[in-house]
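Below is one structure, written out as structure tokens, with a few remarks after it.
The values are calculated or read from the model by the stated rules, or taken from the named source; none is laboratory data. The structure presented is a predicted model; accordingly, all values stated were derived computationally and were not measured. Glycine gets a Cβ as well: all are built from the backbone with ideal geometry, and neighbour counts include every protein chain shown.
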Amino acid sequence: MTAVDSAAPAPGGPLPRLGAAWVTWRRHRTAFYALLGMLAGFAVLMVAGGLRARSTYHRLGLNQCTSFTGDRCEHLRMEFFDWYPQQVPFLFLLLLPAALGAIAGGPLIARELETGTYRFAWTQGAGRTRLLLTQLLLVAAVLAAVAEAYGALYTWYNAPLDHVMRFGFGDYLGFELKGVVFPVQTLLAFTAGVFAGLLTRRSIATVAGVFLGMSGLVLALVFELRKYYMTPLVTAGGTNPRDWVVGRAYVDPNGHLLNTGDSHVLFTKYLAQIPSSSDGTPSVSYRDWLQARHYTIVTSYHPAGRFWTFQFIETGWMTLLILLLGIATVWLVRRRIG
């Protein structure tokens, strides 16, 4: 008599508890290894760039500057800034959530529908809902972990520059990579890719469309939309280095607000009247020149204390959209795919 392994599922029977996870790993391991290799290579470049940045920071003597208001330290700071952006293609980091999400999410269902393999893959013992949820949750967890790791790596990489330049919290990539927004953007691109692939049933078209759409959304948030999350404060005085300045206006001595054209004419007059110093920069700052002529600079800004408020606002509406896309995807797979 032949012994039967009681642990093996009967043909057509349900999968073991971790069977759906095992199937997910088997199906996506090649893409995972390829993606991991690409990201690891870029991470090595960032680590190497970060080490060079720290070496340059000490070579220039910036560690000896207690402040950056003096001519020497100010000159060193600008020299360091001019060198720094050449090390890493920052646009790649800005668009990384769109790329990760589109590549991972676009083909997840679209490939099954495009090739017809869903007729076999979704009729196994686990059931289509369990297989779909397992794939969504596991792939999403990996993407979120990768995005968070890149955020931590960027924070370490950019620490020397951040120390000397003191960017506002809405400038550069600090807002994207220092909080929780980066992994949430990645998950939004992923769920959008899965949902779009379910509708189009075309993998390549879905990946391209979601990448372009999510990239456009991120760029619009960074350069235009995000500053409207809250009403900016207005001051005629100075702002802190970490505040996010979103606009400046000029008021003439009679109390009239200058329009864009008049402001440009005023700045041109300033450049024509002020002689340059030895390094080519104006010998008097624009602010000092305006104040000497009784002009007032009105600055619109978001204080640095709003960083986490902005993070939670963006995370909130993106998370809601992720949940709606996920629920719609599961519903369509259960009800509409035969």
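Here are a few things to note about the model shown:
- Among the residues of the range 297-312, those identified as touching a helix residue (DSSP H, G or I) at 6+ places or on another chain (Cβ under 8 Å) and either in a helix (DSSP H, G or I) or β-branched (Val, Ile, Thr) (or both) are Ile297, Phe307, Phe310, Gln311.
- Residues of the range 218-243 satisfying the condition of being assigned to a helix (DSSP H, G or I) and touching a residue at least 60 places away in the same chain (Cβ under 8 Å): Val218, Leu219, Leu221, Val222, Arg226, Lys227
- Residues of the range 244-259 satisfying the condition of being free of Cβ contacts under 8 Å to residues at least 40 places away in the same chain and more than 18 Å from Ala292 (Cα to Cα): Asn259
- Filtering the range 159-176 to residues that are part of a helix (DSSP H, G or I) and aromatic (Phe, Trp, Tyr) leaves only Phe175.
- The C-beta contact set for the range 291-314 (first residue on the phi > 0 side of the Ramachandran plot, second residue not basic (Lys, Arg) and not in a helix (DSSP H, G or I), distance under 7 angstrom, 6+ apart or interchain) comprises His294/Pro253.
- Filter result for Leu325 (surrounded by fewer than 18 Cβ atoms within 10 Å (Cβ to Cβ), out of contact with any Gly (no Cβ under 6 Å at 6 or more places or on another chain) and closer than 30 Å to Glu112 by Cα): no
- Residue match in the range 277-292 (condition: at pLDDT 85 or above, hydroxyl-bearing (Ser, Thr, Tyr) and assigned to a helix (DSSP H, G or I)): no
- Number of the condition not met by Tyr250 [criteria: (1) surrounded by 16 or more Cβ atoms within 10 Å (Cβ to Cβ); (2) of a type in the set (Ser, Thr, Tyr); (3) more than 25 Å from Pro97 (Cα to Cα); (4) at pLDDT 90 or above]: (4)
A quick yes/no check of all residues on (1) at pLDDT 80 or above; (2) in a helix (DSSP H, G or I); (3) farther than 24 Å from Ala152 by Cα:
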| site | (1), (2), (3) |
| --- | --- |
| Ala10 | no, no, yes |
| Arg17 | no, no, yes |
| Arg26 | no, yes, yes |
| Arg29 | no, yes, yes |
| Leu51 | yes, yes, no |
| Asn63 | no, yes, no |
| Thr66 | no, no, yes |
| Glu79 | yes, yes, yes |
| Ala98 | yes, yes, no |
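- Total residues in the range 143-158, condition closer than 23 Å to Pro241 by Cα, touching a residue at least 12 places away in the same chain (Cβ under 8 Å) and out of contact with any Leu (no Cβ under 8 Å at 6 or more places or on another chain): 2
- Checking Asp243, Asp262 one by one, the residue that is charged (D, E, K, R), touching a helix residue (DSSP H, G or I) at 6+ places or on another chain (Cβ under 7 Å) and surrounded by 12 or more Cβ atoms within 10 Å (Cβ to Cβ) is Asp243 and no other.
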